[in-house]
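Everything below concerns the one structure shown next.
The values are calculated or read from the model by the stated rules, or taken from the named source; none is laboratory data. Remember, it's a predicted structure, so these values are computed and weren't measured experimentally. All Cβ positions, even for glycine, are placed from backbone atoms using ideal geometry, and neighbour counts span all protein chains on display.
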Amino acid sequence: MKLHCDVEVVSRHLPTLGMRNRGKGVRAVLSVCEQTPRSQLPGPRRACLLVSTLKDKHGTRYEQLKENIEQFFTKFVDEGKATIRLKEPPVDICLSKANSNHLKDFLSTVRLAHRGCNVNVQLSTLAPVKASEFEKFKTKMIITSKKDYPLSKSFPCSLEHLQTSYCSLVRVDMRMLCLKNLRKLDLSHNHIKKLPATIGDLIHLQDLNLNDNHLESFSIDLCQSTLQKSLRSLDLSKNRIRALPVQFCQLRELIILKVDDNELIQFPFKIGQLTNLRFLSAARNKLLFLPSEFKNLSLEYLDLFGNTFEQPKVLPVIKLQVPLTLLESSARAVLGNRIPYDSHNIPFHLCQDLDTAKTCVCGSFCLRSFIQGTANMNLHAVAHTVVLVDNMGGTEAPVTSYFCSLTCYVNSTDTLK
């Protein structure tokens, strides 16, 4: 019976000696082993606990389990964490990063051994653990050259952090998409042109680095996948992306977004919905102006250096329709009353229209009937730290505003310079 997890052995004598433990576990293999061959001892088999690490493959043996466990701590067993407190020696064996189901089975076996019951599972032998045992349960793998990239061998299914940089990859290896525990995926410095939608099936993925590739887009499918709930950091720098879809703003858990050195001509106009965003870097793109909802951001760091911002237009663009069309009136009513919609109850093209509706400065919505104006905004209004927009020391950029009616425009003319 074996369990692969992180282990920290804490001596309860340390506090009395004025000492503290390291507070950090190491990857280990725990084995419930048969202490003596079954043929030499009648009755229930006597079991011991063996903790083996990569540095100590022979492991540390805790000889007696029968009536030697003071307490089990299992409050967080569903998170893969537990603690076994032994009487002799007086240590706490702290387990973490274990498969929760395997951990429950392992603890059940240890409980039976503690009670002196017959353990009805195959017990391990007291033999050194092979290095390959640890390879199967690696949580981190970094590959930084093409020659080291595994072609015939699978990635360990336990990986949580995978980096494959400078490997000349032209597509995402489908074997990576089977790593269901993956939290950080670094594919920087490759030649990837397109991302498969199945990246969105990595339900725990928090950090995705695609810096220095050949990407031309970020698909809508990814924006509407489980990445909406998991993704915290996204690096798309040094690619060939011209625009991000409006659905990109559904990745509302994003904290860090880097899109430097692309060909962006505009941000998604609903970017203000990224309420958790704190770090935004979009230097050296082709941005002409910022969308009106940019004002809703609350950033700690903002870098828009090297963009080709235009001077605000003196005259507004007027696209008012009087009277309003039935489509415009219906769209304003649906959005204003927050009526749910999808392609199952209205045509798909109408869903797209509603998804791309503009927000007036008064908070109302407009579809095709609006007035569009542009005004300079000091970027310190949305960010604590602002990198200069140009070499002249400026921290202002043009922001587009929309007005659903002439009344809203007249009441807000002092915001347009």
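Looking at this structure, is PRO245 free of Cβ contacts under 8 Å to residues at least 60 places away in the same chain, closer than 26 Å to LYS138 by Cα and in contact with a helix residue (DSSP H, G or I) (Cβ under 9 Å, 6 or more places away or on another chain)?
no
Does LEU185 qualify as being of a type in the set (A, V, I, L, M, F, W, C), assigned to a strand (DSSP E or B) and closer than 23 Å to SER281 by Cβ?
yes
Within region 326-417, which helices (runs of 4 or more DSSP H) (wholly inside it) include 1 or more residues that are closer than 30 Å to ASP260 by Cβ?
348-355
Please work out if ASP261 is of a type outside the set (A, V, I, L, M, F, W, C) and farther than 30 Å from GLY363 by Cα.
Yes.
Yes or no: region 160-182 includes at least one residue that is over 22 Å from THR53 (Cα atoms) and at pLDDT below 85.
no
Is it the case that some residue within region 339-358 is modelled with pLDDT of 90 or more and among the charged types (D, E, K, R)?
No.
Restricting region 57-73 to residues that are more than 13 Å from VAL110 (Cβ to Cβ) and within 41 Å of the chain's Cα centre (by Cα), which is surrounded by the most Cβ atoms within 10 Å (Cβ to Cβ)?
GLY59
Looking at region 367-417 only, could you name the residues that are free of Cβ contacts under 8 Å to residues at least 60 places away in the same chain, within 32 Å of the chain's Cα centre (by Cα) and loosely packed, with under 14 Cβ neighbours inside 10 Å?
ASN378, HIS380
For region 214-257, which residues satisfy the criterion of being at pLDDT 95 or above and in a strand (DSSP E or B)?
Matches in region 214-257: SER233, LEU234, ASP235, ILE256, LEU257.
The rows are residues; the columns are (1) among the aromatic types (Phe, Trp, Tyr); (2) modelled with pLDDT of 90 or more; (3) closer than 13 Å to LEU304 by Cα.
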{"position": "GLY363", "(1), (2), (3)": "no, no, no"}
{"position": "LEU367", "(1), (2), (3)": "no, yes, no"}
{"position": "VAL382", "(1), (2), (3)": "no, yes, yes"}
{"position": "ALA397", "(1), (2), (3)": "no, yes, yes"}
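ASN211 passes all but one of (1) more than 17 Å from THR164 (Cβ to Cβ); (2) assigned to a loop (DSSP other than H, G, I, E, B); which number fails?
Unmet condition: (1).
Across region 308-325, what is the number of residues that are part of a loop (DSSP other than H, G, I, E, B) and either farther than 24 Å from THR385 by Cα or modelled with pLDDT of 95 or more (or both)?
The total comes to 11.
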